[in-house]
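Please treat every number below as a calculation from the coordinates, not as lab data. Since this is a predicted model, take the numbers as computed values, not measurements. Counting neighbours? That spans all protein chains shown, and the Cβs are built from the backbone with ideal geometry, glycine included.
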Amino acid sequence: MQLEPYVNTLGRHLKSRFGTRVRKLSLHAGFTCPNRDGTLGRGGCTFCSVLSFSEDKAEESVSAQIAARRAELKRATRYLAYFQAYTNTYAEVEELRRLYAAAVVDADIVGLCVGTRPDCVPDAVLEILADYRAQGFEVWLELGLQSAHDATLARINRGHGFAAYADAVARAQRYDVPVCAHLILGLPGETTAMMHETHARVLALGVEGLKLHPLMIVKGCRMAAEYARGETLPPTLPDYAAIAADLIRRTPPEVVFHRITATAREPTLIAPDWCYTSFPAANAIAVNLAAYGGQGRALR
Ligand code: SF4
């Protein structure tokens, strides 16, 4: 079932802006993360596994990765360079400037997406991104928040609280840099009401994009041991589809959904088994939205 009649997807947003299909090219530019290298902590967030990042990619230059990913993607003529792996603002400013510039050399690269932690967004980075936006590039600062509840953030070892997110968003707004907040649904100890509260607090601060993920247990993450002991369970497909659809209905129509579910590669994923592909969740969410109303419906 098609999502786009019911959700303002990134694909729909980009098609309307550029008049053609635009795809994201995921890059691994060799960054690390302060929650792994000992600056903030070691071991990282309890749901995160380095096995999810293709380390062999980091050996390739940004331009070589772009060429390789572009060749893999069919039916697109324009692309966004997506700095995805680890914390993509965690380097000296001149190094960031060089890496971002290397990604937008070709004329078919029409934008830049930078994924990072809320506590790693200095004004100098916002200045760089604002400059690309002023040149006409599609620009997104993708902030991993996961939950607005500090107790949950502590439990999953994020190493930052909600205040860091609020501060990064306020400064991004001063630079007119659009923010996409990443939220995980089904984190340990979280009720449906808590997930609604996270969503409401993110909307209240102002946000241009959202990315919804189900909690996934992947090999190599610290949560895998909690899962093996039966202490942490990912959401079921019906539960995930119901809460994701409800949050979409409560989201203003102009907010762009970069994703409404997530996948992991076959050898890496432990659970839930419906996350090998995005189809089961996307279809279940579309069915729910078709029945009960699409994005923004619950705001009318
Ligand atoms: S999820 Fe992001 S912030 Fe957390 S350990 Fe992994 S790379 Fe670092």
*Where does the chain land at 222 nm, in deg cm²/dmol rounded to the nearest 500, when only DSSP H runs of n ≥ 4 count, each adding -39500 (n - 2.57), divided by all residues?*
-11000 deg cm²/dmol
*Measuring from label point to label point, each 7 Å out along Cα→Cβ, what is the Phe18 to Phe53 span in nm?*
2.5
*Just name one of Ala58, Asn8, Thr89: the one whose Cα is farthest towards the positive end of the charge dipole of region 1-101 (beta-carbon charges, Lys/Arg +1, Asp/Glu -1).*
Asn8
*State the Cα centre-to-centre distance between region 1-68 and region 151-198 in whole Å.*
18
*Using the 10 angstrom Cβ neighbour count as an exposure proxy, how do Asp246, Asp273, Asp106 rank, fewest first?*
Asp273, Asp106, Asp246
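Give the order of Ile285, Ile243 when sorted by the count of other beta carbons within 10 angstrom, beginning with the fewest. Walk me through the numbers before you get to the answer.
Working: Ile285 27, Ile243 21.
Ordered by Cβ neighbours within 10 Å, fewest first: Ile243, Ile285.
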*asked:* Taking the Cα centre as origin and putting +1 on Lys and Arg beta-carbons and -1 on Asp and Glu beta-carbons, what dipole magnitude results for region 10-294, to the nearest 20 debye?
replied: 700
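Pairs of lysine in the chain with Cα under 18 Å and at least 8 positions apart or on different chains: total? Spell out each step's value before the answer.
On the way: Lys15/Lys24; Lys15/Lys74; Lys24/Lys57; Lys24/Lys74; Lys24/Lys211.
So the count of such lysine pairs works out to 5.
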_Can you give me the convex hull volume of the Cα atoms of the chain, divided per residue and expressed in Å³?_
127
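May I ask you to order 265-272, 140-147 by the average number of other C-beta atoms within 10 Å around their residues, highest value first? Before the final figure, lay out each step's value.
Values: 265-272: 14.8, 140-147: 24.4.
Order by mean packing, descending: 140-147, 265-272.
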*Contact order relative to length of the chain, as percent, for alpha carbon pairs under 8 angstrom and 6 or more apart*: 20
*Geometric extent, Cα atoms of region 1-142 - Rg, Dmax (angstrom)*: 15.7, 45
*Rounded to the nearest 5, what is the percent of antiparallel bridges among the DSSP beta bridges in region 10-294?*
5
*Those Cys residues of the chain for which no other cysteine Cβ falls under 4.7 Å*: Cys33, Cys113, Cys120, Cys180, Cys221, Cys275
*asked:* Order these by the 10 Å Cβ neighbour count, fewest first: Cys113, Cys221.
replied: Cys221, Cys113
_Furthest towards positive pole of dipole, Leu73, Leu141, Leu210, structure part region 10-294, Cβ charges_ = Leu73
